[in-house]
Amino acid sequence: MDNSTLVLRTKLIDRMFHWSMVSCFTLVALSGLSWFFPSLNWLGYVLGPPQLARVLHPFLGIAVFALLMCMFVRFVHHNLFVRTDLTWFKHIVDVLLNKHGQKLQIGKYNAGQKILFWGIMSLISLLFVSGLMIWRAYFAALFPIPVLRLALLAHSVAGLALILLVIGHIYMGIWVRGSIGGMISGYVTRAWARQHHDRWYEEEVAPTKPLPSKRHG
Amino acid sequence: MGMQSQDIIRRSATNGLTPLPQARSHEQEVAKLIDVSLCTGCKGCQVACSEWNDLRDEIGHNVGVYDNPANLTAETWTVIRFDEREDEAGKLEWLLRKEGCMHCAEPGCLKACPSPGAILQFANGIVDFQSEQCIGCGYCIAGCPFDIPRISQKDNHAYKCTLCSDRVAVGQEPACVKTCPTGAISFGSKAEMKDLAATRVQELQSRGHEGAGLYDPAGVGGTHVMYVLTHADQPSLYHRLPDNPQISPVVRGWKEWLKPVGALGFIATLAGAFVHYMGVGANTTDETPPPEPKSKQDNAEHDPNENGRDA
Ligand code: SF4
Ligand code: SF4
């Protein structure tokens, strides 16, 4: 496969944001799960002894939030909902059943990915705010106990929802072949772009990077 | 501290699938009974607590009330609360209460704690923090209906009254009980203390304190520190002692409801993804070129080229 069949989908800077967020998130999520499901206590040892995990978890959480904000700035304009997203929703069953064929007018990200985008943004923001509130070392003493209880509950609900959403995200990456490689190298094949993001392909890829008319060596 | 001589009935963040140490069959439930009507506010119990537990809190400042130190801290496990009140007849009344851990039969601190073994409940009813297992998250503070646990700024571990579990384990009464010069604090089996309380309540009532009664709140399953209150009908008069304490529904929702729902969520998500993958297979890309450029002349020669390169 040479360059003429590959198109750049995700720039290096965005890939770096994504994967550094993944690294921090993995550690934060595993330590968080170790406290939510004490029978999975061993998960917390990814951050060392439990006391150290308790120290590191909020700092890593802040790193996740900061990286998320960078990604928000970089990605938000691709993730605003548009009229054609309705087409995707109407064909959600075909999409899930792997039935390709119809043109679904999918832009750079499909409607499901946009839901994921906004879901992650809002859940991590909620985790950030509630996490600061329950941060014993610095802020928890500023809040009355009934408020702390609500913040703890909100933090747990949001954390669970986020982890489930991310599991879905990871599964989609595994299911749709070429996605994970694309997020690492940045490149996807022309056919991949056409099949999964037809409108993006037609509007942004094809005009700027026309198919070569002659074989080149 | 961990007491090898004690049966353990609850251990924080530990499921009940395997039994806790239960070899002893004769352990009695103990209780401390604090009769507020006999307390003179001398703070001898505070001193005894500091002495026995080797606690020396920092000297604070007068904040305009007799409570001294002004609040419980990681190094002050009990404080006499002084509340002034004017009764219906306009007479001044001074309500004193020795504040500290209530050693609840259903401890909210233990329910909230995420660290296995950081909080133990012994068969004798004592709820004891195991500070070396404590991670300093502060969940116990949110779990406790009485606002008791405190986290040390020095070492980030939670502390509170142990009911002198170390003394009780060797057959001694808690240090505060031993010290109290007016006999306002008694210690014994929970049954004995309830009997004693009944006698005292009767006495108080016969002397005109119609509201006198025992504070052993059922909302937390009863406590192993009980009060005889002259106004048992209004516990909150005594420095906001909760009228009807119970583990907050928010904490229950978090620990009893969300946990199983979350576990189901995980199982459903993982199973759903796996079944989907088995059912529809990988979503692969058809790398054959698009049909539409076929009308254009030059694509006729391009298509096989692209296929050739892909292969
Ligand atoms: S009073 Fe608070 S700290 Fe003491 S046992 Fe009850 S819930 Fe735990
Ligand atoms: S601060 Fe310590 S005792 Fe309190 S809930 Fe956290 S780990 Fe348990």
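So what is the diffusion coefficient of the range A:99-212 in µm² per second by Stokes-Einstein at 10 °C and 1.306 mPa s, using a Kirkwood Rh over Cα pairs? Let's see the in-between values first.
Working: Rh = 16.9 Å.
D, rounded to a whole number, is 94 µm²/s.
Do any GluC sites (Glu not before Pro) in the range B:1-60 lie in a loop, going by DSSP, with at most 11 other beta-carbon atoms within 10 Å of their beta carbon, and if so which?
On the way: sites: B:27, B:29, B:51, B:58; in loops: B:27, B:29, B:58.
Sites meeting the loop and neighbour criteria: B:58.
Hand me the trypsin sites (Lys or Arg not before Pro) from the range B:94-197 located in a DSSP loop with no more than 16 other Cβ atoms within 10 Å, in residue order please. Provide the component values of the computation, followed by the final result.
Details: sites: B:97, B:98, B:111, B:150, B:154, B:160, B:167, B:178, B:190, B:194; in loops: B:154, B:160.
Within the range B:94-197, the qualifying trypsin sites (Lys or Arg not before Pro) (loop, at most 16 other Cβ atoms within 10 Å) are B:154.
Using the alpha carbon gyration tensor of the protein assembly as shown, what are the three equivalent-ellipsoid semi-axes (square root of 5 times each eigenvalue), largest first, in whole Å? Kindly include the intermediate steps, with their values, before the conclusion.
Numbers: eigenvalues 865, 90, 76 Å².
Three semi-axes, in Å: 66, 21, 20.
Which trypsin sites (Lys or Arg not before Pro) from the range B:208-265 combine a DSSP loop assignment with at most 15 other Cβ atoms within 10 Å?
Details: sites: B:240, B:252, B:255; in loops: B:240.
Within the range B:208-265, the qualifying trypsin sites (Lys or Arg not before Pro) (loop, at most 15 other Cβ atoms within 10 Å) are B:240.
Just the Kirkwood number for the range B:1-153, please: inverse of mean 1/r across all distinct Cα pairs, in Å, one decimal.
Numbers: mean 1/r = 0.0573 Å⁻¹.
The answer is 17.4 Å.
Which residues in the range B:219-244 have a backbone N closer than 11 Å to a point placed 7 Å from the Cα of residue B:38 along the Cα-to-Cβ line?
B:228
How large is the Rg to Rh ratio of the range A:43-155 when both quantities use alpha carbon positions and Rh follows Kirkwood?
Values: Rg = 19.4 Å, Rh = 17.0 Å.
Across the range A:43-155, the Cα-based Rg/Rh ratio is 1.14.
Can you compute the radius of gyration and Dmax for the range B:3-62, using only the Cα atoms, both in Å?
Considering the range B:3-62 through its Cα atoms, Rg and Dmax are 18.4, 51 Å.
How long are the three semi-axes of the equivalent ellipsoid for the range B:73-138, computed from the Cα gyration tensor as the root of 5 times each eigenvalue, in whole Å, largest first?
Values: eigenvalues 236, 35, 21 Å².
One finds semi-axes of 34, 13, 10 Å for the range B:73-138.
For the range A:1-65, what is the convex hull (Cα atoms) projected area averaged across all directions, in square nanometres? Before the final figure, lay out the partial values.
Numbers: hull surface 25.0 nm².
Mean projected area for the range A:1-65: 6.3 nm², to one decimal.
Can you list the HN-Hα couplings for the range B:154-165, worked out from phi with the Karplus curve (6.51, -1.76, 1.60; θ = phi - 60°), rounded to whole Hz and with x for Gly and Pro?
Result, ordered by residue: 7, 10, 6, 10, 8, 9, 6, 3, 9, 6, 6, 4 Hz.
What accessible area per residue comes out for chain B, rounded to a whole number of Å², with a 1.4 Å probe? All intermediate terms of the calculation are to be shown ahead of the outcome.
Working: 15100 Å² over 311 residues.
Accessible surface, normalised per residue, equals 49 Å².
Rounded to a whole number, what is D in µm²/s for the range A:162-207 from Stokes-Einstein with the Kirkwood radius over alpha-carbon pairs (10 °C, 1.306 mPa s)?
On the way: Rh = 11.5 Å.
The Stokes-Einstein estimate is 138 µm²/s.
What are the lysines whose alpha-carbon lies under 29 Å from the alpha-carbon of residue A:103, with same-chain residues fewer than 8 places away excluded?
Of all the lysines, those that pass the test against residue A:103 - Cα under 29 Å, at least 8 places apart if same chain - are A:11, A:90, A:114, A:209, A:214, B:294, B:296.
Using a 1.4 angstrom probe with every protein chain in place, what is the largest-first accessible-area order of A:120, A:184?
Accessible-area ranking of A:120, A:184, largest first: A:184, A:120.
Could you run the Karplus curve 6.51 cos²θ - 1.76 cosθ + 1.60 with θ = phi - 60° over the range B:121-138 and give me ³J(HN,Hα) per residue in whole Hz, x for Gly and Pro?
10, 7, 5, 7, x, 6, 9, 10, 7, 9, 4, 6, 8, 6, 9, x, 6, x
Can you compute 3J(HN,Hα) from phi for each residue in the range B:237-249, using the Karplus curve 6.51 cos²θ - 1.76 cosθ + 1.60 with θ = phi - 60°, rounded to whole Hz and x for Gly and Pro?
4, 8, 6, 6, 4, x, 5, 9, x, 7, 5, 4, x
Could you tell me how many cubic angstrom of Cα convex hull volume chain A has per residue?
Details: hull volume 33.6 nm³, N = 217.
Roughly 155 Å³ of hull volume per residue.
At R0 = 60 Å, how high is the FRET efficiency between residue B:54 and residue A:103 if r is their beta carbon distance? Nearest 0.05 is fine. Could you put the intermediate results ahead of the total?
On the way: r = 77 Å, r/R0 = 1.28.
About 0.20, to the nearest 0.05.
Find the percent of Cα-Cα distances in chain B that exceed 31 Å, and round it to a whole number.
43
The values are calculated or read from the model by the stated rules, or taken from the named source; none is laboratory data. All of these numbers come straight from a predicted model, not from anything done at the bench. Quick reminder, even Gly has a Cβ in these numbers, built from the backbone with ideal geometry, and neighbours come from all protein chains shown. Accessible surface areas use protein heavy atoms only, side chains included; no ligands, DNA or RNA. Shrake-Rupley method; radii C 1.70, N 1.55, O 1.52, S 1.80 Å.
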